[in-house]
Amino acid sequence: MSDQTEVLRAWRAEMLEQWKDNRSITSAEVDVLLRFFYHAYADEVKTGATLRGFSFRMKEDDCLLVVKVTRDGVPEVVFVSSSSPMGCMRKWLRMIDSGEIKYFPDRYA
């Protein structure tokens, strides 16, 4: 798959220009949601992986995001924790952008 991040970034910018109501959710939060749910697959292509899926697990005041990818035919996962799903998504996106993301073999795939 070719790198679609620039096309998607432009689309996201257009969508955010239309967002005017910040009473319930800020435009920064809308940006995180759009990026995570609509083009996480493109962010993973930059890391050399194909997105297989993700899940959130809530426990009291903690949230765990599990992102599943395939790299060279090998299933891998990354675990991201924070106090909320939004926090997990923000953290994962920062890790993708900075290149600090580290995947591990998925023992349950």
Checklist entry - Name the pairs whose Cβ atoms lie under 8 Å apart, with the first residue in the stretch 64-91 and more than 13 Å from TYR103 (Cα to Cα) and without any contact (Cβ under 8 Å) to a residue 40 or more places away in the chain, the second buried (at least 17 other Cβ atoms within 10 Å of the Cβ) and basic (Lys, Arg), and 6 or more positions between them or separate chains? => result SER82/ARG90
Checklist outcome for this item: Filter the stretch 33-52 for residues that are in contact with a helix residue (DSSP H, G or I) (Cβ under 7 Å, 6 or more places away or on another chain) and modelled with pLDDT of 85 or more; the one that is nearest to TRP92 (Cα to Cα) is PHE36
Checklist entry - Do we find a residue being surrounded by 12 or more Cβ atoms within 10 Å (Cβ to Cβ), in contact with a helix residue (DSSP H, G or I) (Cβ under 6 Å, 6 or more places away or on another chain), closer than 14 Å to ILE96 by Cβ and touching a residue at least 40 places away in the same chain (Cβ under 8 Å) anywhere in the stretch 10-32? => result yes
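Evaluate the following for LYS91: is it in a loop (DSSP other than H, G, I, E, B), on the phi < 0 side of the Ramachandran plot and not β-branched (Val, Ile, Thr)?
On the way: in a loop (DSSP other than H, G, I, E, B): no; on the phi < 0 side of the Ramachandran plot: yes; not β-branched (Val, Ile, Thr): yes.
No: the conditions fail for LYS91.
The values are calculated or read from the model by the stated rules, or taken from the named source; none is laboratory data. If you're wondering where the values come from, they're calculated on a predicted model, not measured in any experiment. Glycine gets a Cβ as well: all are built from the backbone with ideal geometry, and neighbour counts include every protein chain shown.
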